[in-house]
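Engineer: Have a look at this one before I ask anything.
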Amino acid sequence: RAELGLKEIMSSGGAEDDIPQAERKTVTDFCYLLDKSKQLFNGLRDLPQYGQKQWQSYFGRTFDVYTKLWKFQQQHRQVLDNRYGLKRWQIGEIASKIGQLYYHYYLRTSETSYLNEAFSFYSAIRQRSYYSQVNKEDRPELVVKKLRYYARFIVVCLLLNKMDVVKDLVKELSDEIEDYTHRFNTEDQVEWNLVLQEVAAFIEADPVMVLNDDNTIVITSNRLSETGAPLLEQGMIVGQLALADALIIGNCNNQVKFSELTIDMFRMLQALEREPMNLASQMNKPGMQESTEKPARRENPHKYLLYKPTFSQLYTFLAASFKELPANSVLLIYLSATGVFPSGRSDSEGPYDFGGVLTNSNRDIINGDAIHKRNQSYKEMHCLHPGDLYPFTRKPLFIIVDSSNSVAYKNFTNLFGQPLVCLLSPTAYPKALQDQSQRGSLFTLFLNNPLMAFLFVSGLSSMRRGLWEKCQDYLRKINRDIAQLLTHSRSIDQAFLQFFGDEFLRLLLTRFIFCSATMRMHKIFRETRNYPESYPQLPRDETVENPHLQKHILELASILDVRNVFLENTLDDY
């Protein structure tokens, strides 16, 4: 413990009287702050993971102590070096904890600017080589601290799309792991090598590379920018609902993941965030800004990221989100999960008769998608059925299901008359399309980065930046036209329009229609199960099979010189 610091110094460094009173007080104060910070930091683990308010004051206190500790060691570095024997890795540990605090603050608030703060602390550790001396000490647990720091830094860089930094960090981490396993012959070698494999697969997950003229890779961001969502034209009648909360659930077998994020979760969370601003100019620490200083634009919707949750975990978080949802707000549920199919024939067609998607049970999983039970008359237990979501349709609900059994959610009933929309992925993709499922779902890719998905289904794997930007401009035009098709439609279900006032949901809806129209025109997507569906159904002739939209898609294909991949004759039917 930190208090021992001074006593150890006394016993080893001669008489207590040799140390001036002021210096002794400096060491005692530092030990107190160090102890207090560790205590508060460890207490963060005991805070409930759900519910948005209970944790804020505790986080604020923890930040206060760490801010004091950081400034204190900066001001008294000389005394702490001489009298306490402060090592550089200990300074690195404090900086690393502050980085972790900012990262967890981001997870709790979904405010991307905190990621920048985490990045700046993690970067400082690397630039100032705080951990460089660790390898000289014969203590494996210190090296593990260093390895964990690298893994955390990589997660933050991935979330900020700093892929060039990620590649450097992976190389450094690889060298560190090699050195660690060589020196200490430890049992966790396999685990650390798995970390390396996971991050390598994560970086490679995008199916298309955008290249500069010098063949370096362009990093594209898929967060909502100022020009992202199609603007509402004057006179468009849409609802005033705002997306306030989202549950992003990942439970696919065999999908690329890093930390507790599958690639689908990673893509969807970015589709629900704005481009990060830099907070430095606005505030000193989280939760401390005055209301007058708040950024002018709307905040990101709050998110819960649930990796392979059990049914009870999923339901607990869902209930917490539902309870805290403000008035005139929407709850979004995104499910990227293995399909669970009903095992017996059922005479009825109720909300528990079509199966659903997998919840985690650590057993019962046989052959990936099929779950077999001994007794055919019971319903699947480790499964989120459409009926399980019925209680939550008492408030506006926007559901996205990406699964081989997404169609189970087509049999929804709107019991309470609140706005309700389900966007459902294809349940199968054409055999001729190389299997990408491990590197993320094609449907989610369309919702996150529609141009990349379009290039992939067109058989393209790389593209020059200039052409990419030209196509992005054209895609923005297509999105504007889709928005008009929706709002001018005479037969569309009102639920779609009630969600259309929110820019995140507007963008998801226009991308969904673009995805559906693209797949319906593609020569190899020929079966009904190859197409996305929705509840309520969209009027096809006015949206996904609209000739005006089909013309646009062929035009985009022409720009890319892939028109031969699409059917022309769909236009001749009109």
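Engineer: Please work out if Leu142 is part of a helix (DSSP H, G or I) and within 24 Å of the chain's Cα centre (by Cα).
Structural biologist: Working: part of a helix (DSSP H, G or I): yes; within 24 Å of the chain's Cα centre (by Cα): no.
Answer is no for this residue.
Engineer: Here are some residues: Tyr122, Tyr103, Tyr131. Which one is within 23 Å of Pro301 (Cβ to Cβ) and either β-branched (Val, Ile, Thr) or in contact (Cβ under 8 Å) with a residue 24 or more places away in the chain (or both)?
Structural biologist: Answer to the selection: Tyr103.
Engineer: Of the numbered conditions (1) open to solvent by less than 20 Å² (accessible area, probe 1.4 Å); (2) more than 25 Å from the chain's Cα centre (by Cα), Leu173 fails exactly one; give the number of that condition.
Structural biologist: Going through (1) open to solvent by less than 20 Å² (accessible area, probe 1.4 Å); (2) more than 25 Å from the chain's Cα centre (by Cα) one by one, Leu173 breaks only (2).
Engineer: Here's something else I'd like to know. Within the group Tyr131, Tyr150, which residue is closer than 28 Å to Thr262 by Cβ and buried (at least 20 other Cβ atoms within 10 Å of the Cβ)? Before you say what the answer is, go through the steps one by one.
Structural biologist: Details: Tyr131 fails: closer than 28 Å to Thr262 by Cβ.
Result: Tyr150 is the single residue among Tyr131, Tyr150 that is closer than 28 Å to Thr262 by Cβ and buried (at least 20 other Cβ atoms within 10 Å of the Cβ).
Engineer: Shifting gears a bit: Say we look at segment 484-516 and pick out the residues that are hydroxyl-bearing (Ser, Thr, Tyr) and not in a helix (DSSP H, G or I); which of these is surrounded by the most Cβ atoms within 10 Å (Cβ to Cβ)? Let's see the steps before the verdict.
Structural biologist: Step one: list which residues in segment 484-516 are hydroxyl-bearing (Ser, Thr, Tyr), which gives 487, 489, 491, 510, 516.
Filter again for not in a helix (DSSP H, G or I), leaving 489, 491.
Details: Ser489: 17, Ser491: 9.
Applying the filter and picking the extreme gives Ser489.
Engineer: Hey, another quick one. Can you tell me which of (1) modelled with pLDDT of 95 or more; (2) more than 22 Å from Val156 (Cβ to Cβ) is the one Lys136 doesn't meet?
Structural biologist: For Lys136, the failing item is (1).
Engineer: From the list Val208, Val218, Val199, pick out the single residue that is of a type in the set (A, V, I, L, M), modelled with pLDDT under 95 and buried (at least 21 other Cβ atoms within 10 Å of the Cβ).
Structural biologist: Numbers: Val208 fails: buried (at least 21 other Cβ atoms within 10 Å of the Cβ); Val218 fails: buried (at least 21 other Cβ atoms within 10 Å of the Cβ).
Residue meeting the stated conditions: Val199.
Engineer: Please work out which residue is nearest to Asn405 (Cα to Cα), limiting yourself to segment 525-574 and to residues that are within 31 Å of the chain's Cα centre (by Cα) and hydrophobic (A, V, I, L, M, F, W, C).
Structural biologist: Phe525
Engineer: Could I ask something else about it? Within the set of pairs 6+ apart or on separate chains, which have a first residue in segment 545-574 that is part of a loop (DSSP other than H, G, I, E, B), a second that is modelled with pLDDT of 95 or more and among the aliphatic types (A, V, I, L, M), and C-beta atoms under 6 Å apart?
Structural biologist: Qualifying pairs under 6 Å: Leu567/Met521.
Engineer: Okay, moving on. Whether any residue in segment 531-542 is more than 20 Å from Tyr334 (Cα to Cα), in the same structural domain as Lys395 (by the TED database) and either touching a residue at least 40 places away in the same chain (Cβ under 8 Å) or buried (at least 16 other Cβ atoms within 10 Å of the Cβ) (or both) is what I want to check.
Structural biologist: In the first step, residues of segment 531-542 are kept if they are more than 20 Å from Tyr334 (Cα to Cα); the result is 539-542.
Adding the requirement that they be in the same structural domain as Lys395 (by the TED database) leaves 539-542.
Checking the rest, the ones that are also either touching a residue at least 40 places away in the same chain (Cβ under 8 Å) or buried (at least 16 other Cβ atoms within 10 Å of the Cβ) (or both) come to 539, 542.
Scanning segment 531-542 turns up at least one residue that is more than 20 Å from Tyr334 (Cα to Cα), in the same structural domain as Lys395 (by the TED database) and either touching a residue at least 40 places away in the same chain (Cβ under 8 Å) or buried (at least 16 other Cβ atoms within 10 Å of the Cβ) (or both).
The values are calculated or read from the model by the stated rules, or taken from the named source; none is laboratory data. As the structure is a computational prediction, the values presented were derived from the model and not from experiment. Positions of Cβ are generated from backbone atoms using ideal geometry, with glycine treated the same way; all protein chains shown enter the neighbour counts. Areas reflect the complete protein model, heavy atoms only, side chains present, ligands, DNA and RNA absent. Shrake-Rupley method; radii C 1.70, N 1.55, O 1.52, S 1.80 Å.
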